[in-house]
Number of protein chains: 2
Amino acid sequence: MRKNPLILVTNDDGITAPGILNLIKVVRKFTNRIVVVAPDSPQSGMGHAITMNAMLRLKKQDIEGTEAYACSGTPVDCVKIATSKVLKEKPDLVVSGINHGSNSSINVIYSGTMSAAVEGAIEGIPSIGFSLCNHSIDADFSHVHSYIEKIIHFALNNSSSNFSCLNVNFPAVPFDMINGIRVCRQADAMWEEEFNERHDPAGNPYYWMTGKFVNHEPEKEDTDEWALSHNFVSVVPVQFDVTAHQSLALLKDLENE
Amino acid sequence: MRKNPLILVTNDDGITAPGILNLIKVVRKFTNRIVVVAPDSPQSGMGHAITMNAMLRLKKQDIEGTEAYACSGTPVDCVKIATSKVLKEKPDLVVSGINHGSNSSINVIYSGTMSAAVEGAIEGIPSIGFSLCNHSIDADFSHVHSYIEKIIHFALNNSSSNFSCLNVNFPAVPFDMINGIRVCRQADAMWEEEFNERHDPAGNPYYWMTGKFVNHEPEKEDTDEWALSHNFVSVVPVQFDVTAHQSLALLKDLENE
């Protein structure tokens, strides 16, 4: 582990969310070189969105003695402006979260928290997204501090050849009910949406998205959903090469069409 | 191929973009059961963002005789509201585009066009995103019609076991310069951002994101970037399982930390 590493902290719930403050507290155990660049407003569900055709604002502030910047953009914008404008050198680690709500299985795709971590990985920086399976703004994060410490310790001690991005989710149960850490794969799951139709005072319809989470393989013990439902901390290594390599040979006929 | 298949058309440049009109024209050769649900405003770079904590509008309109809806949300919202609210049955195919600009290599992650296609795949529908490597609103799409026709024909004739989502990019060269179709993998590439700092009339700074595209493996002939730079149509099969399966064993020590 490098002495006094430089660690970038971000999230998608916004710079004032309790989750990011909890994460900063754990990061302080490793270094005093911490910079926070996080959205100035909630950015949940922003996925890997970036701000095109609009400008960004960056407002310097202080979080209990830690250098911090509130950014008007998305979580991915925060990582981009942090690494290319705010920081003077490449950070040793990007940590994102702690998200208020699960980012397991297919949620990794929709999540601003995880997209910020993936952006770090794209830029060649080991990155970790942390999420607690509890959406409440008043959620208790204290029971996960020691696990975050273990995982950051592992990340700083292992070369980036072992991983580039980790998706870490914590079950929302007390510390003594957690059964440990499971390294697992993303479960095959999805959201089945329903759109709640309403009418405004002028009689025009509008829609609220609601959804039901469906796990297509609840019995598979190597998935993050299984780990979480059995009170394990789930750790899924994530990549940004989304090529379906197994389909390449099956598509070769297309070249002769 | 099912007779008169149901095909959903969307994009990220917005429902009035020339690219989507070109795509609709090709789709008409296969069926008269076409429904368009596309953003009511440009949504480039929106990635897999979804609209949370806000309502959506849907405005019915007609595109030269084709049933169409302008949606106030993101490209992924468009697919979600189309499949769960607008369409009465599951479509046989989702097509997205034709995007004004490349979505090759790492751009697949940032692209609203491709995220709409990936959303279709998540919902179990074969899906294809089409993009032309020319950002101009006045780009000529006529030379790619026959290739789109070939690829849609292939998709409708092959079971979803062969692919779930395709990322198709067209070089911006005349028809007789195109060397054919190449099935390839996503190149290892990234954007190196620079943030252009300016000051508003009150003296406060703001930033414009600019970037330089860097291909880490320009010599690799199996990548989409190589194909496009050699005037081939690139076809990359895309998946939504982002687990880095090759890293699972390397991380097992984390379970004993």
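The values are calculated or read from the model by the stated rules, or taken from the named source; none is laboratory data. Predicted model only: the values in this text are computed from it and were never measured. Cβ coordinates were reconstructed from backbone atoms using ideal geometry, including for glycine residues, and neighbour counts include every protein chain displayed.
Please go through region A:169-180 and pick out each residue that is within 14 Å of chain B (Cβ to nearest Cβ), in contact with an Asp or Glu (Cβ under 9 Å, 6 or more places away or on another chain) and surrounded by fewer than 24 Cβ atoms within 10 Å (Cβ to Cβ).
A:Gly180 - this is the single residue of region A:169-180 that is within 14 Å of chain B (Cβ to nearest Cβ), in contact with an Asp or Glu (Cβ under 9 Å, 6 or more places away or on another chain) and surrounded by fewer than 24 Cβ atoms within 10 Å (Cβ to Cβ).
Any idea which of (1) at pLDDT 95 or above; (2) more than 28 Å from A:Lys3 (Cα to Cα); (3) surrounded by fewer than 24 Cβ atoms within 10 Å (Cβ to Cβ) is the one A:Gly73 doesn't satisfy?
(3)
When you scan region A:108-119, do you find a residue that is within 20 Å of A:Asn231 (Cα to Cα) and not aromatic (Phe, Trp, Tyr), even just one?
yes
Go through region A:58-168 and tell me which strands (runs of 3 or more DSSP E), entirely inside it, have 3 or more residues that are within 18 Å of the chain's Cα centre (by Cα).
A:93-100, A:127-132
Of everything in region B:32-57 that's hydrophobic (A, V, I, L, M, F, W, C) and over 21 Å from the mean Cα position of the chain (by Cα), which residue is surrounded by the fewest Cβ atoms within 10 Å (Cβ to Cβ)?
So the residue we want is B:Ala54.
Which condition number does B:Arg198 fail, the rest of (1) of a type outside the set (Asp, Glu); (2) surrounded by 14 or more Cβ atoms within 10 Å (Cβ to Cβ); (3) at the interface with chain A (Cβ under 8 Å from one of its Cβ atoms) being met?
(2)
Could you pull out the residue among B:Phe213, B:Phe232 that is among the aromatic types (Phe, Trp, Tyr), more than 8 Å from chain A (Cβ to nearest Cβ) and touching a Lys or Arg at 6+ places or on another chain (Cβ under 6 Å)?
The match here is B:Phe232.
Based on what the data block shows, is A:Val238 touching a residue at least 12 places away in the same chain (Cβ under 8 Å) and facing another protein chain (nearest Cβ under 9 Å)?
yes
Can you tell me how many residues in region B:157-172 are modelled with pLDDT under 95 and of a type in the set (A, V, I, L, M, F, W, C)?
Selection size over region B:157-172: 2.
B:Glu64 is checked against (1) in contact with a helix residue (DSSP H, G or I) (Cβ under 9 Å, 6 or more places away or on another chain); (2) surrounded by fewer than 20 Cβ atoms within 10 Å (Cβ to Cβ); (3) within 24 Å of B:Phe163 (Cα to Cα) and fails just one. What number does that condition carry?
If we test B:Glu64 against (1) in contact with a helix residue (DSSP H, G or I) (Cβ under 9 Å, 6 or more places away or on another chain); (2) surrounded by fewer than 20 Cβ atoms within 10 Å (Cβ to Cβ); (3) within 24 Å of B:Phe163 (Cα to Cα), just (3) comes out false.
Scanning for something touching a residue at least 24 places away in the same chain (Cβ under 8 Å), within 12 Å of chain B (Cβ to nearest Cβ), touching a Gly at 6+ places or on another chain (Cβ under 8 Å) and of a type in the set (A, V, I, L, M, F, W, C), does region A:78-99 turn up at least one residue?
yes
From B:Val26, B:Val108, which residue is surrounded by fewer than 24 Cβ atoms within 10 Å (Cβ to Cβ) and under 19 Å from B:Ile151 (Cβ atoms)?
B:Val26
With respect to A:Thr243, is the statement that it is within 30 Å of B:Ile178 (Cβ to Cβ), within 23 Å of the chain's Cα centre (by Cα), surrounded by 20 or more Cβ atoms within 10 Å (Cβ to Cβ) and polar (S, T, N, Q) true?
Considered against the rule, which asks whether it is within 30 Å of B:Ile178 (Cβ to Cβ), within 23 Å of the chain's Cα centre (by Cα), surrounded by 20 or more Cβ atoms within 10 Å (Cβ to Cβ) and polar (S, T, N, Q), A:Thr243 comes out as yes.
Please list, ordered by first then second residue, the pairs with beta carbon atoms under 6 Å, 6 or more apart or interchain, first in region B:49-71 and under 25 Å from A:Thr51 (Cα atoms), second part of a loop (DSSP other than H, G, I, E, B) and aliphatic (A, V, I, L, M).
B:Ala49/A:Met46; B:Ala49/A:Ala49; B:Ala70/B:Ile15
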